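Reviewing the structure listed below.
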Amino acid sequence: MPALSADRVVLMIPARFASTRLPGKPLADIGGRPMIAHVVERARAADLGEVVVATDAAAIAQAAEAAGARAVMTRADHASGSDRIFEALSTIDPQGAIDLVVNVQGDLPTISADAIRAALAPLADPAVDIATLAAEIVREEERDDPNVVKVVGSQVAPGRLRALYFTRATAPTGPGPLYHHIGLYAYRRAALARFVALPPSPLERRERLEQLRALEAGMRIDVALVDTVPLGVDMPADLARAQSLLQGAPSNRRDA
(Lines give C-alpha, C1' and ligand atoms only; values in the text may rest on other atoms or scores of the structure.)
Protein backbone atom coordinates (compact mmCIF):
# COMPACT_ATOMS: atom_id res chain seq x y z
CA MET A 1 0.00 0.00 0.00
CA PRO A 2 1.35 3.46 -0.81
CA ALA A 3 2.33 5.59 2.16
CA LEU A 4 -0.58 7.65 3.49
CA SER A 5 -0.16 11.08 4.98
CA ALA A 6 -1.50 11.39 8.52
CA ASP A 7 -3.06 14.69 7.40
CA ARG A 8 -5.33 12.74 5.04
CA VAL A 9 -6.50 10.07 7.49
CA VAL A 10 -8.61 10.29 10.64
CA LEU A 11 -9.66 7.45 12.92
CA MET A 12 -13.16 8.05 14.26
CA ILE A 13 -14.65 6.12 17.18
CA PRO A 14 -18.44 6.52 17.56
CA ALA A 15 -19.46 6.09 21.20
CA ARG A 16 -23.00 6.73 22.39
CA PHE A 17 -24.06 6.47 26.00
CA ALA A 18 -27.41 4.76 25.44
CA SER A 19 -27.39 1.02 24.82
CA THR A 20 -30.38 -1.26 25.20
CA ARG A 21 -28.40 -4.23 26.47
CA LEU A 22 -25.50 -2.46 28.20
CA PRO A 23 -26.23 1.19 29.12
CA GLY A 24 -23.16 3.39 29.42
CA LYS A 25 -21.12 0.74 27.60
CA PRO A 26 -18.14 2.95 26.59
CA LEU A 27 -17.52 3.72 30.28
CA ALA A 28 -17.67 0.09 31.43
CA ASP A 29 -14.64 -0.76 33.56
CA ILE A 30 -12.10 -3.13 32.02
CA GLY A 31 -8.91 -3.60 33.99
CA GLY A 32 -9.37 -0.32 35.85
CA ARG A 33 -9.97 1.78 32.73
CA PRO A 34 -13.13 2.56 30.75
CA MET A 35 -13.65 0.53 27.59
CA ILE A 36 -13.36 3.62 25.40
CA ALA A 37 -9.79 4.11 26.70
CA HIS A 38 -8.81 0.64 25.48
CA VAL A 39 -10.24 1.34 22.02
CA VAL A 40 -8.51 4.74 21.86
CA GLU A 41 -5.21 3.14 22.86
CA ARG A 42 -5.43 0.59 20.06
CA ALA A 43 -6.47 3.17 17.49
CA ARG A 44 -3.53 5.39 18.47
CA ALA A 45 -1.18 2.41 18.21
CA ALA A 46 -2.22 1.98 14.56
CA ASP A 47 -0.38 5.28 13.95
CA LEU A 48 -2.44 6.28 10.90
CA GLY A 49 -3.66 9.71 11.92
CA GLU A 50 -5.55 11.64 14.57
CA VAL A 51 -7.93 9.63 16.77
CA VAL A 52 -11.31 11.30 17.36
CA VAL A 53 -14.14 10.04 19.57
CA ALA A 54 -17.60 11.15 18.42
CA THR A 55 -19.99 10.99 21.35
CA ASP A 56 -23.19 12.34 22.84
CA ALA A 57 -22.05 12.19 26.48
CA ALA A 58 -19.71 14.52 28.33
CA ALA A 59 -18.41 11.69 30.54
CA ILE A 60 -17.37 9.69 27.48
CA ALA A 61 -15.70 12.77 25.99
CA GLN A 62 -13.72 13.28 29.18
CA ALA A 63 -12.61 9.64 29.26
CA ALA A 64 -11.58 9.79 25.59
CA GLU A 65 -9.50 12.92 26.10
CA ALA A 66 -7.84 11.40 29.16
CA ALA A 67 -6.84 8.45 26.95
CA GLY A 68 -5.24 10.74 24.36
CA ALA A 69 -8.02 11.17 21.80
CA ARG A 70 -9.78 14.29 20.60
CA ALA A 71 -13.46 14.30 21.60
CA VAL A 72 -16.26 15.83 19.54
CA MET A 73 -19.80 16.18 20.87
CA THR A 74 -22.55 15.05 18.50
CA ARG A 75 -26.33 14.82 18.53
CA ALA A 76 -27.88 12.03 20.59
CA ASP A 77 -30.44 10.99 17.98
CA HIS A 78 -28.20 9.50 15.28
CA ALA A 79 -29.49 6.23 13.84
CA SER A 80 -26.02 4.76 13.35
CA GLY A 81 -22.34 5.20 14.09
CA SER A 82 -21.78 6.19 10.46
CA ASP A 83 -24.08 9.19 10.87
CA ARG A 84 -22.36 10.12 14.13
CA ILE A 85 -18.85 10.07 12.67
CA PHE A 86 -19.95 12.06 9.63
CA GLU A 87 -21.29 14.82 11.89
CA ALA A 88 -18.00 14.82 13.83
CA LEU A 89 -15.96 14.84 10.62
CA SER A 90 -17.92 17.83 9.33
CA THR A 91 -17.24 19.61 12.62
CA ILE A 92 -13.47 19.07 12.71
CA ASP A 93 -12.81 19.40 8.98
CA PRO A 94 -15.44 21.55 7.22
CA GLN A 95 -12.97 22.37 4.43
CA GLY A 96 -12.65 18.71 3.41
CA ALA A 97 -8.89 18.30 3.83
CA ILE A 98 -9.31 14.80 5.29
CA ASP A 99 -10.30 12.26 2.65
CA LEU A 100 -9.93 8.86 4.35
CA VAL A 101 -11.95 7.95 7.45
CA VAL A 102 -11.50 4.79 9.52
CA ASN A 103 -14.55 3.96 11.64
CA VAL A 104 -13.31 1.98 14.66
CA GLN A 105 -16.27 0.68 16.64
CA GLY A 106 -16.22 1.81 20.25
CA ASP A 107 -17.09 -1.66 21.55
CA LEU A 108 -14.01 -3.48 20.22
CA PRO A 109 -11.56 -3.24 23.14
CA THR A 110 -9.40 -6.10 21.80
CA ILE A 111 -9.04 -4.87 18.21
CA SER A 112 -5.40 -4.93 17.15
CA ALA A 113 -3.49 -2.05 15.63
CA ASP A 114 -2.54 -4.38 12.76
CA ALA A 115 -6.20 -5.06 11.99
CA ILE A 116 -6.99 -1.34 11.96
CA ARG A 117 -4.16 -0.76 9.51
CA ALA A 118 -5.32 -3.70 7.38
CA ALA A 119 -8.77 -2.14 6.98
CA LEU A 120 -7.28 0.88 5.26
CA ALA A 121 -5.18 -1.09 2.77
CA PRO A 122 -7.89 -1.81 0.13
CA LEU A 123 -8.42 1.94 -0.37
CA ALA A 124 -5.05 2.03 -2.13
CA ASP A 125 -7.14 0.75 -5.06
CA PRO A 126 -8.99 3.78 -6.48
CA ALA A 127 -11.93 1.57 -7.54
CA VAL A 128 -12.79 0.80 -3.88
CA ASP A 129 -15.27 3.06 -2.04
CA ILE A 130 -15.34 1.34 1.36
CA ALA A 131 -13.05 -1.23 2.98
CA THR A 132 -13.73 -3.59 5.86
CA LEU A 133 -12.41 -6.76 7.55
CA ALA A 134 -13.25 -10.43 7.85
CA ALA A 135 -11.71 -13.61 9.24
CA GLU A 136 -12.26 -17.20 8.19
CA ILE A 137 -14.75 -19.01 10.41
CA VAL A 138 -13.02 -21.84 12.26
CA ARG A 139 -15.65 -22.68 14.91
CA GLU A 140 -18.31 -24.95 13.41
CA GLU A 141 -21.13 -23.44 15.49
CA GLU A 142 -20.52 -20.00 13.99
CA ARG A 143 -21.36 -21.20 10.48
CA ASP A 144 -25.09 -21.31 11.30
CA ASP A 145 -25.21 -18.56 13.93
CA PRO A 146 -27.33 -15.62 12.71
CA ASN A 147 -25.42 -13.33 15.09
CA VAL A 148 -22.26 -14.04 13.08
CA VAL A 149 -22.49 -11.95 9.92
CA LYS A 150 -20.95 -13.60 6.89
CA VAL A 151 -19.44 -11.84 3.91
CA VAL A 152 -19.70 -13.47 0.50
CA GLY A 153 -17.05 -12.21 -1.89
CA SER A 154 -14.77 -12.87 -4.81
CA GLN A 155 -11.01 -12.92 -4.31
CA VAL A 156 -9.36 -10.00 -6.11
CA ALA A 157 -5.91 -10.36 -4.55
CA PRO A 158 -4.26 -12.55 -1.91
CA GLY A 159 -5.97 -11.79 1.40
CA ARG A 160 -8.57 -9.50 -0.19
CA LEU A 161 -12.14 -10.01 -1.38
CA ARG A 162 -14.60 -7.87 -3.28
CA ALA A 163 -17.81 -8.07 -1.26
CA LEU A 164 -20.84 -9.32 -3.16
CA TYR A 165 -23.19 -9.72 -0.20
CA PHE A 166 -23.40 -9.72 3.59
CA THR A 167 -25.82 -12.04 5.37
CA ARG A 168 -26.80 -13.61 8.67
CA ALA A 169 -27.52 -16.86 6.83
CA THR A 170 -25.00 -19.63 6.20
CA ALA A 171 -23.49 -18.59 2.88
CA PRO A 172 -22.22 -19.44 0.43
CA THR A 173 -23.34 -23.06 0.27
CA GLY A 174 -21.07 -25.90 -0.80
CA PRO A 175 -17.51 -26.74 0.23
CA GLY A 176 -15.09 -23.95 1.03
CA PRO A 177 -14.44 -21.31 3.69
CA LEU A 178 -16.98 -18.98 5.24
CA TYR A 179 -15.91 -15.53 6.42
CA HIS A 180 -16.95 -13.76 9.62
CA HIS A 181 -17.43 -10.06 8.93
CA ILE A 182 -15.79 -7.64 11.38
CA GLY A 183 -17.62 -4.33 11.63
CA LEU A 184 -14.73 -1.93 11.19
CA TYR A 185 -14.84 0.27 8.08
CA ALA A 186 -12.56 2.60 6.16
CA TYR A 187 -14.26 5.11 3.86
CA ARG A 188 -13.29 7.55 1.23
CA ARG A 189 -14.79 10.78 2.48
CA ALA A 190 -16.99 11.10 -0.62
CA ALA A 191 -18.24 7.55 -0.11
CA LEU A 192 -19.14 8.24 3.54
CA ALA A 193 -21.01 11.40 2.54
CA ARG A 194 -22.93 9.49 -0.11
CA PHE A 195 -23.67 6.60 2.22
CA VAL A 196 -25.17 8.66 5.04
CA ALA A 197 -27.34 10.56 2.51
CA LEU A 198 -28.92 7.33 1.22
CA PRO A 199 -32.19 6.03 2.71
CA PRO A 200 -32.17 2.57 4.29
CA SER A 201 -32.40 -0.04 1.54
CA PRO A 202 -34.76 -3.04 1.27
CA LEU A 203 -32.06 -5.66 1.90
CA GLU A 204 -30.59 -3.59 4.72
CA ARG A 205 -33.97 -3.62 6.44
CA ARG A 206 -34.48 -7.31 5.81
CA GLU A 207 -31.05 -8.50 7.02
CA ARG A 208 -30.60 -5.64 9.54
CA LEU A 209 -27.16 -4.97 8.04
CA GLU A 210 -26.31 -1.36 7.25
CA GLN A 211 -23.54 -2.18 4.78
CA LEU A 212 -26.06 -3.65 2.33
CA ARG A 213 -27.26 -0.09 1.68
CA ALA A 214 -23.92 0.67 0.07
CA LEU A 215 -23.93 -2.48 -2.06
CA GLU A 216 -27.50 -1.88 -3.24
CA ALA A 217 -26.47 1.63 -4.28
CA GLY A 218 -23.66 0.20 -6.42
CA MET A 219 -20.80 1.15 -4.13
CA ARG A 220 -17.79 -1.15 -4.00
CA ILE A 221 -16.74 -2.69 -0.68
CA ASP A 222 -13.50 -4.67 -0.47
CA VAL A 223 -12.59 -6.89 2.46
CA ALA A 224 -9.14 -7.40 3.97
CA LEU A 225 -8.78 -10.83 5.55
CA VAL A 226 -7.25 -11.00 9.03
CA ASP A 227 -6.43 -13.93 11.29
CA THR A 228 -8.79 -13.40 14.23
CA VAL A 229 -12.10 -11.77 15.15
CA PRO A 230 -11.83 -9.18 17.93
CA LEU A 231 -14.21 -9.44 20.86
CA GLY A 232 -17.24 -7.20 20.44
CA VAL A 233 -18.91 -6.11 23.68
CA ASP A 234 -22.69 -6.14 23.28
CA MET A 235 -23.94 -7.83 26.44
CA PRO A 236 -22.85 -8.27 30.07
CA ALA A 237 -21.35 -11.69 29.24
CA ASP A 238 -19.15 -10.08 26.57
CA LEU A 239 -18.01 -7.46 29.07
CA ALA A 240 -17.08 -10.17 31.58
CA ARG A 241 -15.03 -11.92 28.90
CA ALA A 242 -13.27 -8.67 27.97
CA GLN A 243 -12.50 -8.02 31.63
CA SER A 244 -10.99 -11.51 31.90
CA LEU A 245 -8.92 -11.06 28.73
CA LEU A 246 -7.63 -7.58 29.52
CA GLN A 247 -7.39 -7.58 33.30
CA GLY A 248 -3.88 -6.49 34.13
CA ALA A 249 -2.82 -6.45 30.49
CA PRO A 250 0.23 -4.19 29.87
CA SER A 251 -0.55 -0.82 28.35
CA ASN A 252 0.38 -0.17 24.74
CA ARG A 253 -0.10 3.56 25.04
CA ARG A 254 2.23 5.45 22.76
CA ASP A 255 2.92 7.99 25.50
CA ALA A 256 3.41 5.40 28.27
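If the condition is being over 22 Å from residue 25 (Cβ atoms) and either of a type outside the set (Ser, Thr, Tyr) or within 17 Å of the chain's Cα centre (by Cα) (or both), then region 87-100 contributes 89, 92, 93, 94, 95, 96, 97, 98, 99, 100. Residue 108 satisfies every condition listed in (1) on the phi > 0 side of the Ramachandran plot; (2) open to solvent by less than 30 Å² (accessible area, probe 1.4 Å) except (1). Does residue 239 qualify as being aliphatic (A, V, I, L, M), in the same structural domain as residue 165 (by the TED database) and within 22 Å of residue 13 (Cα to Cα)? No; evaluated as a whole, the condition is false for this residue.
Of the residues making up region 8-55, those that are in contact with a strand residue (DSSP E or B) (Cβ under 7 Å, 6 or more places away or on another chain), over 16 Å from residue 246 (Cα atoms) and without any contact (Cβ under 8 Å) to a residue 60 or more places away in the chain are 49, 50, 51, 52, 53, 54, 55.
Could we say that residue 141 is among the charged types (D, E, K, R), under 23 Å from residue 176 (Cβ atoms) and either touching a residue at least 40 places away in the same chain (Cβ under 8 Å) or surrounded by 23 or more Cβ atoms within 10 Å (Cβ to Cβ) (or both) here? No, not satisfied.
Pull up region 62-78, narrow it to residues that are in contact with an Asp or Glu (Cβ under 9 Å, 6 or more places away or on another chain) and over 15 Å from residue 11 (Cβ atoms), then point me to the one that is most open to solvent (accessible area, probe 1.4 Å).
For region 62-78, the residue satisfying everything is 75.
The set of residues from region 17-59 being more than 19 Å from residue 235 (Cβ to Cβ), not in a strand (DSSP E or B) and not small (Gly, Ala, Ser) comprises 40, 41, 42, 44, 47, 48, 56. I'd like the full set of residues that are closer than 19 Å to residue 43 by Cα and either open to solvent by 10 Å² or more (accessible area, probe 1.4 Å) or touching a Lys or Arg at 6+ places or on another chain (Cβ under 9 Å) (or both), limited to region 116-130. Within region 116-130, 116, 117, 118, 121, 122, 123, 130 meet the criteria. Restricted to helices (runs of 4 or more DSSP H) entirely inside region 147-245, those with at least 3 residues that are surrounded by fewer than 17 Cβ atoms within 10 Å (Cβ to Cβ) and of a type outside the set (S, T, N, Q) are 189-197, 202-207.
The values are calculated or read from the model by the stated rules, or taken from the named source; none is laboratory data. All values derive from a computational prediction rather than experimental measurement. Counting neighbours? That spans all protein chains shown, and the Cβs are built from the backbone with ideal geometry, glycine included. What goes into the accessible areas is simple: the full protein's heavy atoms, side chains included, and nothing from ligands, DNA or RNA. Shrake-Rupley method; radii C 1.70, N 1.55, O 1.52, S 1.80 Å.
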